[in-house]
Every structure is written in structure tokens, then in C-alpha cells.
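The values are calculated or read from the model by the stated rules, or taken from the named source; none is laboratory data. Note that the structure is predicted; figures quoted are calculated from it, not measured. Here the Cβ is made from the backbone with ideal geometry for all residues, glycine too, and neighbour counts use every protein chain on show.
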Amino acid sequence: MTSSAPFGQSLADWLAWQESLHVNSIELGLERIAKVAARLQLVQPTFPVITVAGTNGKGSTVALLTTMLQAAGYQVGSYTSPHILRYNERISLNGLAVEDEHLCQAFTAIELARGNISLTYFEFGTLAAMWIFTEAKVEVAVLEVGLGGRLDATNLWEAEVAIITSIGIDHVDWLGHNRELIGREKAGIARQAKPLVCGDPNPPLSISQVAQEKGAKLIQLGHDFTVEQLNIEQFSICLRSASLDTALTYVLPLPRLQGQVQLHNAACAVVALQLLAEQLPRVNLAALQQGLLKVSIAGRLQKLQNEPAVWIDVAHNPHAAENLANWIKNNPIEGKTFTIFSILADKDIAGVIRPLQDKVDEWHIFPLDSPRAASLSMLQSAFASANVNNFQVYPDIYHAWKTLSRQVASIDRVVIFGSFLVVSKALDGIF
């Protein structure tokens with residue numbers, strides 16, 4: 001039996017209580033959240049919703065959309081997960097994390113409405129986001145899917161435009177063991193007669209199949225729109241969708257975010273906003289340019305210091321590791337590349353290591369302090385499976401950094417990556 005709701009108490013109290021409330025930390029399905037949303041009168045928002053799904057690139061795409069919409073003068077609500085340092089990061093108004101007080105007000109309203117309906121931690125957060133956006137009278141909301149798409153809590157709301165950034169292998173126990181099954185789950189965010197923008201250059205067939213089944217308008221990278229880097233400062237997007245009379249070409253500054261994959265994410269954001277031109281007419285070329293130049297997001301190839309260069313990244317699945325490997329290859333340095341790495345136990349750990357094996361001079365690994373963490377022996381087994389033996393082990397990230405920081409030269413590079421918890425520890429305890 002759980003304790004009573006922490007009315008009038010702190011955000012930390014509310015979050016601890018929510019974690020104890022539902023028997024499963026993850027339980028996909030829309031029935032429970034739909035009932036509570038109806039009681040809160042949140043089911044039909046007065047603002048358009050853009051929903052973003054994908055194995056990787058969701059957070060970056062939400063950040064791009066948010067910054068572009070802000071630059072156009074819109075009041076924007078954004079919902080992302082997981083957070084890195086503070087829960088408040090998950091819900092933002094015009095790019096600023098909401099205050100504890102606002103979250104506690106939302107949780108109080110949800111608790112008073114839910115009755116005996118059990119909600120997960122994520123469902124509480126999703127309802128809180130929409131409650132806060134409604135109270136703040138936002139003009140547009142951007143929602144990042146938590147897991148999959150079809151049965152994710154964010155999919156309760158009809159997306160005016162849905163985006164799938166990429167399809168890779170992750171969360172296999174929930175979404176399936178191959179890209180076709182995973183694609184089917186993610187394409188569940190599509191809606192009849194609404195655009196579904198897909199930024200994966202090699203999508204599984206299930207994406208187009210689900211779009212057809214749902215009567216959604218699939219706008220596919222490589223078919224309906226293309227993206228190309230023109231030089232070290234600019235890239236172009238050409239949108240030639242059948243829904244438009246003529247092809248549209250944008251020449252834009254490269255996004256402030258690192259990595260070639262960010263061009264695909266930026267293209268998805270630009271195309272989605274173009275498809276919403278009637279509802280969001282203030283989004284012009286200047287807003288797109290400003291958004292690309294100003295966008296930032298923690299933990300996505302984020303540089304923390306120079307000489308030696310230290311970067312952090314939340315790459316925690318094989319697809320993200322391939323993107324990281326390509327970035328290392330495309331950004332050669334005079335010195336060596338070191339990594340500090342750890343990950344959760346339910347990930348394809350060897351699959352994360354393999355793309356980087358010839359890009360990293362030395363690995364420094366440690367176990368995370370979490371019930372879901374991969375143990376040191378699991379990490380060592382994964383390195384053996386990947387035929388990588390140039391690693392050293394430590395009890396925690398602090399010992400790893402302390403040792404490595406003494407031996408790196410100013411021309412070297414350190415990439416601290418893996419789970420969101422790794423990035424959180426780096427930001428909170430080292431830098």
C-alpha cells in the first residue's frame with residue numbers, strides 16, 4: 001500500500017511518491033492516461049501538437065523545433081525525457097525549464113483528478129506537461145515520445161505533424177528485435193490525413209505500411225525531401241512533396257549542434273514547420289536561420305573544455321555509437337582519443353563498442369551506481385565479445401577521470417559517453 005499523496009510538499013517528495021505508486025516503472029498503453037486527461041479536460045488542446053519519435057535524434061529535433069518556433073515569436077511548450085540533472089528539464093516554456101512550484105501544482109491537479117486510476121511516473125509527467133502548457137496558453141507544443149510511439153503516453157494527443165527521426169535497435173523487450181517491428185511501433189504516432197515526416201535515410205518498410213494503413217501523408221527523406229551539406233557553413237533542404245505545387249529549396253546555416261546526423265534532424269524540423277505553414281505562419285526563413293544558429297542541448301556532443309578537448313554524449317545504442325564514430329572520423333585530431341564509458345545492463349553493449357573500436361585509442365570504463373547498471377564483469381565481457389582489449393577499469397567515473405586527466409596531453413581528446421547517467425555524473429561531479 002502506497003502512502004498518501006504529498007500535497008503541499010516538495011517536488012522531490014512528489015517524484016519519490018510517484019515512483020512508488022505504480023507496480024511497473026514502464027507500462028505502455030493509453031487507457032489509463034486517457035481517462036485522467038479527460039477528467040482534466042486536456043484531451044483536445046487548443047494549440048497544435050508536434051510529436052517526435054525515433055531511436056536517436058528526438059531530443060535534438062525537439063530543441064531545433066523549439067528554438068525555431070521561439071525565433072518566430074511563438075509561445076512554445078516542450079516535453080522531453082529523460083532529464084540529465086533536474087526533473088524540471090523535461091517540461092519547458094519558451095526554452096526555460098519550469099519551476100518546482102509549477103510542477104507541484106500540476107501534480108496536485110492530476111492527483112485530485114485520477115481517483116483510483118494508477119499512473120506511471122512517465123504518465124504523471126506527460127499529463128503535467130500538457131496541464132502546464134494549457135495553463136500557460138502556449139501556441140504550440142512539441143512532445144518527445146518516451147518509448148516507441150503507438151502506446152506511448154504522448155500519443156494520446158493528435159499530432160498535427162508527426163516526426164520519426166531514425167530507426168535503430170533499442171528497447172527490444174518493449175518494441176521488438178528488428179527494425180521492421182520497431183518502425184511499426186514508432187509509426188503509431190501517425191494520424192489520418194496528417195503528415196508523417198521520416199528522417200531515416202533507409203527506413204524499414206513498416207513505416208510506409210503503417211502510414212498507408214492510417215491514411216497519413218508520409219514525407220520521406222530521400223524521396224519527398226533531400227538534405228545536402230554545401231560547404232563548411234551551409235546546407236540545403238529541398239522539399240518536393242506532392243502536397244506542394246512546386247519544390248521548395250532552403251539554403252541555411254549549419255546547425256550549432258555537432259555531428260552530420262544533425263542535418264537530418266534539422267531537415268525534419270524545417271520540413272515539419274513548412275507543413276504547418278497555415279497554422280504557424282510566422283515561421284519564416286529568418287526564424288529558421290536564427291533557430292539553427294542558437295539551438296543547444298545538453299549531452300549531445302557537448303564540449304566541456306579545451307586542451308584537452310572534453311566532450312560528452314548520450315550515445316547508448318549501436319546506431320548512436322555509429323554516429324559518434326563518424327563524428328570522430330570526420331573530426332581528426334593530432335593527439336589520441338580516449339573515452340570514459342558506462343551503460344545500462346539492458347543495452348547491446350558490444351554493439352555500442354564495435355563501431356568505435358578503431359576510433360578510440362584507450363577506453364576507461366566503470367560501473368554506474370544504479371539498479372539497472374551494467375556490472376564491471378558485464379562490461380568486460382562485452383569488450384571481449386567486441387574483441388577490444390585496450391581498456392582500463394575503475395570503481396566509478398571520478399576515479400576514471402582523476403587517472404585519465406593526469407595522463408592526457410593538450411592535443412588529445414576525451415569523449416565521456418554512454419547512458420544519460422554517465423553524462424549526468426560528468427556534469428554534476430566533474431565539470
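Observations, loosely collected:
- Among the residues of the stretch 304-321, those identified as under 21 Å from the mean Cα position of the chain (by Cα), buried (at least 20 other Cβ atoms within 10 Å of the Cβ) and outside any loop (DSSP other than H, G, I, E, B) are W311, I312, D313, P318, H319, A320, A321.
- Filter result for S208 (in contact with a Phe, Trp or Tyr (Cβ under 7 Å, 6 or more places away or on another chain), more than 27 Å from I349 (Cα to Cα) and modelled with pLDDT of 95 or more): no
- Criterion: in contact with an Asp or Glu (Cβ under 6 Å, 6 or more places away or on another chain), buried (at least 19 other Cβ atoms within 10 Å of the Cβ) and of a type in the set (A, V, I, L, M, F, W, C) - qualifying residue of L301, L280: L301
- Residues being hydroxyl-bearing (S, T, Y) and within 23 Å of Q289 (Cα to Cα) - total across the stretch 186-239: 2
- Annotation: R39 fulfils all but one of (1) in contact with a Lys or Arg (Cβ under 8 Å, 6 or more places away or on another chain); (2) buried (at least 18 other Cβ atoms within 10 Å of the Cβ); the unmet one is (2).
- I207 being in contact with a Gly (Cβ under 7 Å, 6 or more places away or on another chain) and of a type in the set (A, V, I, L, M): yes
- Tabulated pairs, the stretch 406-431, first within 24 Å of H83 (Cβ to Cβ), second of a type in the set (G, A, S) and part of a strand (DSSP E or B), C-beta under 7 angstrom, 6+ apart or interchain: G418/S342; S419/S342; V422/S342
- Number of residues in the stretch 278-315 that are under 30 Å from E160 (Cα atoms) and not aliphatic (A, V, I, L, M) equals 12.
- When restricted to residues that are closer than 16 Å to Y74 by Cβ, touching a residue at least 40 places away in the same chain (Cβ under 8 Å) and not β-branched (V, I, T), the stretch 264-288 contains 12.
- Selection count, the stretch 306-360, where residues are basic (K, R) and closer than 15 Å to N390 by Cα: 3
- Here F124 fulfils each of the conditions (1) under 20 Å from P48 (Cα atoms); (2) among the aromatic types (F, W, Y); (3) not in a loop (DSSP other than H, G, I, E, B) apart from (1).
- Which numbered condition S381 misses (of (1) in contact with a Lys or Arg (Cβ under 9 Å, 6 or more places away or on another chain); (2) among the small types (G, A, S); (3) over 16 Å from A325 (Cβ atoms)): (1)
- G168 being touching a Pro at 6+ places or on another chain (Cβ under 9 Å), in contact (Cβ under 8 Å) with a residue 12 or more places away in the chain and part of a loop (DSSP other than H, G, I, E, B): yes
- Wholly enclosed strands (runs of 3 or more DSSP E) of the stretch 322-431 bearing at least 3 residues modelled with pLDDT of 95 or more and among the β-branched types (V, I, T): 337-342, 413-418
- For V142: the one exception among (1) aliphatic (A, V, I, L, M); (2) out of contact with any Ser or Thr (no Cβ under 6 Å at 6 or more places or on another chain); (3) in contact (Cβ under 8 Å) with a residue 24 or more places away in the chain: (2)
- For the stretch 78-118, taking the residues that are over 16 Å from F7 (Cβ atoms) and more than 19 Å from the chain's Cα centre (by Cα), the one that is surrounded by the fewest Cβ atoms within 10 Å (Cβ to Cβ) is identified as N116.
- Residues that are within 14 Å of V414 (Cβ to Cβ) and among the β-branched types (V, I, T) do not occur anywhere in the stretch 291-307.
- Some residue of the stretch 165-174 being assigned by TED's automatic domain parsing to the domain that holds A193, at pLDDT 95 or above, more than 23 Å from L96 (Cα to Cα) and crowded, with 21+ Cβ neighbours inside 10 Å: yes
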